[in-house]
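Beneath this line is the structure, given in structure tokens, with notes to follow.
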Amino acid sequence: MTGPEPAPYRLSDGERDEALESLRTAFQEGRLTVDEHEERSTAALHAVTGQDLVPLFGDLPPHLHPASLGASGARPGEIAPAGGGEGPVDLAETGRSVEKKKKKKDDDNLPSVLGWGGFLLFVWGVPTFISGSVTAISIFLGFFCLMVVPGLITALARRRRRGGGRDEIAGG
């Protein structure tokens, strides 16, 4: 393997997942047999440090090396060939667009809050209102206001701060 040696730090679950994904890609490209893929995947799952992954990727092309090995074959800002032969891909640009998509997904919890509120209303609120018990209705409304309303206000404020008006709420 060319390039810097991986740091001797402990691997995270995400880094192990990335290594498994790289091995899966190598298998799909026909670079590994079923037995080799199984053996290397098991070793990747049991890897403790980045150095434990080095022998698993030594005979594979650099574009398949996980980032935890420190030499992925392309540095940020360089052009690298795409996996499917689609031509060059700017890795730095790809990374930024992925970050934006993740951030947008994490910020948009309005559907979850509405789903949670609807579930509570249907499962607990409707029977409570049908029963007519003032105590039960008060408990339900208090719980609903504590658990759903703050999340709803936060989700709407984030959406508004991001610039999403009525069109975004109605159209998605």
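The values are calculated or read from the model by the stated rules, or taken from the named source; none is laboratory data. Bear in mind the structure is a predicted one, so any value in this text is a computation, not a measurement. Note that we place each Cβ from the backbone using ideal geometry, even for glycine, and neighbour counts take in every protein chain shown.
Tell me, which residue of the range 8-23 that is of a type in the set (G, A, S) and in contact (Cβ under 8 Å) with a residue 24 or more places away in the chain is surrounded by the most Cβ atoms within 10 Å (Cβ to Cβ)? It would help to see each step written out before you state the result.
So the first thing to find is which residues in the range 8-23 are of a type in the set (G, A, S), and the list is 12, 14, 19, 22.
Checking the rest, the ones that are also in contact (Cβ under 8 Å) with a residue 24 or more places away in the chain come to 19, 22.
Numbers: A19: 28, S22: 24.
So, considering only residues that are of a type in the set (G, A, S) and in contact (Cβ under 8 Å) with a residue 24 or more places away in the chain, the one surrounded by the most Cβ atoms within 10 Å (Cβ to Cβ) is A19.
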*Only one of these conditions is not met by E39: (1) assigned to a loop (DSSP other than H, G, I, E, B); (2) at pLDDT 90 or above. Which number is it?*
(1)
*Go through the range 24-46 residue by residue and tally those that are farther than 13 Å from L60 by Cα, among the aliphatic types (A, V, I, L, M) and surrounded by 11 or more Cβ atoms within 10 Å (Cβ to Cβ).*
3
*Which pairs do you get when a residue that is without any contact (Cβ under 8 Å) to a residue 24 or more places away in the chain, found in the range 112-138, comes within reach of a residue that is surrounded by 14 or more Cβ atoms within 10 Å (Cβ to Cβ) and outside any helix (DSSP H, G or I), reach meaning Cβ atoms under 9 angstrom, with the pair 6+ apart or on two chains?*
L121/V148
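Having 2 or more residues that are at pLDDT 60 or above and not assigned by TED's automatic domain parsing to the domain that holds D59 is the bar; report the helices (runs of 4 or more DSSP H) wholly within the range 73-172 that clear it.
Hits in the range 73-172: 110-120, 126-131, 134-147, 149-161.
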